[in-house]
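In what follows, a structure is listed as structure tokens, so that the remarks can point back to it.
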Amino acid sequence: MSTWPELPFVAAPPGTIDSVTSSARRAAAHWGLGEPQLLRMGMNGIFTAGDDVLLRVSTPTAPPEQAIVLAATLASAGLRVPRILRDEAFVDGGHAVFAVARVPECGAVDWREVGEMIARLHRLDRGDIASQYPLPFCGDFPWWRFESLLGDVGGQLDEQSREAIERAISRDAPLLMQQRDRALLVCHGDVHPGNVIQSAGGPVLLDWDLLCAGPAAWDHAPLMTWTNRWGGEAGIYERFAEGYGRSFDGDPLAEAIAELRLVAATLMRVRAGRTDPSAASEANLRLRYWRGDEDAPMWHAQ
């Protein structure tokens, strides 16, 4: 593929709570749903609208209907994804609102089956998916532009942590960027426990906004540090890898991507900490790891 889209389907938060809530209310009224109640804000605003419906408010970089087509394509390929309840998104200014079936949680996630689903995803034809949905190269995400990020927040880092982060980028980024023109796969982009729910029928993979083209290691890397850096349940990656069909532990590219994810997670927290005291506290905690502090605490997902 000679050219790449610049951005994933969602590349920025949807705006203020007031504006996002207003769009959710208009969509709920249009569809005859219950009064929206905010669950969380992040790259999307997520609301309940009655017991069985969620409203997801986004600022997509592509036509909203592409997300609906993608969900149908993934489901037909045997991937368990959230069911979109309306044939069209509700468009309100720059916001697109999707009505999604709420997935009741039913116990612990079967990570072996999650690995099987990601293997199935990786076998899909990249050209077919790219014809219907943004599929940027994984290393082109805005928050992976490390030179720009360091230029922005580097002055807030102490010398020891900055040097360690710069060494990681110099060591790891070339390995990733070498993949750009190789045979790449369709990747979910953000496989971690926050994006999986165990339903009565098995695990459901959430949040397909960061779908991208990348090496298989891209979808393994998030879970490879989940236990030892984020304090997650031991054995999750091992079960995932078993279902996938192989482990990437010790693979140079996967280890490089896993470390770069830690770099991005740290620098983004430093940036957020300028206006959010809780983010500043978490950023300082993460910087202890880069200083080589043997007692550096586990990180907290935001």
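Points worth noting:
- For the chain, with all protein chains in place and a probe radius of 1.4 Å, 49% of the accessible heavy-atom surface sits on carbon or sulfur.
- Full extension of the segment from residue 131 to residue 300, taken as 0.36 nm per residue of separation minus the current Cα-Cα distance, would add 57.2 nm.
- Once the Cβ-Cβ distance of residue 120 and residue 278 is raised to the sixth power relative to R0 = 30 Å, the FRET efficiency obtained is 0.20.
- Between the amide H of residue 231 and those of 299, distances stay under 5 Å, these residues lying 5 or more places away or on another chain, with hydrogens modeled in the peptide plane.
- Counted residue by residue at 0.36 nm each, then reduced by the alpha carbon distance between them, the extension gain from residue 147 to residue 163 reaches 4.4 nm.
- Coarse-grained scattering of the range 1-127 at q = 0.15 Å⁻¹, given as base-10 log I(q)/I(0) from a Debye sum over alpha-carbon atoms: -0.79
- Whole-Hz couplings from phi, Karplus 6.51/-1.76/1.60, listed for the range 261-266; x for Gly and Pro: 4, 5, 4, 4, 4, 6
- Entry note: the range 25-80 has Rg to Rh equal to 1.02, where both radii use alpha-carbon atoms and Rh is the Kirkwood radius.
- Kirkwood hydrodynamic radius (C-alpha pairs) into Stokes-Einstein, the range 45-116, 25 °C and 0.890 mPa s, D in µm²/s: 181
- With the biggest extent put first, the Cα atoms of the chain measure 56, 43, 43 Å across the principal axes.
- For the chain, the solvent-accessible area of protein heavy atoms averages 46 Å² per residue (probe radius 1.4 Å; ligands and nucleic acids excluded).
- Across all directions, the average flat footprint of the convex hull enclosing the Cα atoms of the range 1-54 is 5.1 nm².
- Burial ranking of peptide ranges 167-174, 290-297 (average Cβ count within 10 Å, highest at the top): 167-174, 290-297
- Under 5 Å between amide hydrogens, built in the peptide plane, is the criterion, and for residue 198 it picks out 106, 204 among residues at least 5 positions away or on other chains.
- When you work out D = kT/(6 pi eta Rh) for the range 140-235 at 20 °C and 1.002 mPa s, using the Kirkwood radius from C-alpha pairs as Rh and the Stokes-Einstein form, the result is 136 µm²/s.
The values are calculated or read from the model by the stated rules, or taken from the named source; none is laboratory data. A quick note: this is a predicted structure, and the numbers were derived from the prediction, not measured. A quick note on method: Cβ atoms are made from the backbone with ideal geometry, for glycine too, and the neighbour counts reach across all protein chains shown. For the accessible areas, the whole protein counts, side chains as well, though only heavy atoms, and no ligand, DNA or RNA atoms are used. Shrake-Rupley method; radii C 1.70, N 1.55, O 1.52, S 1.80 Å.
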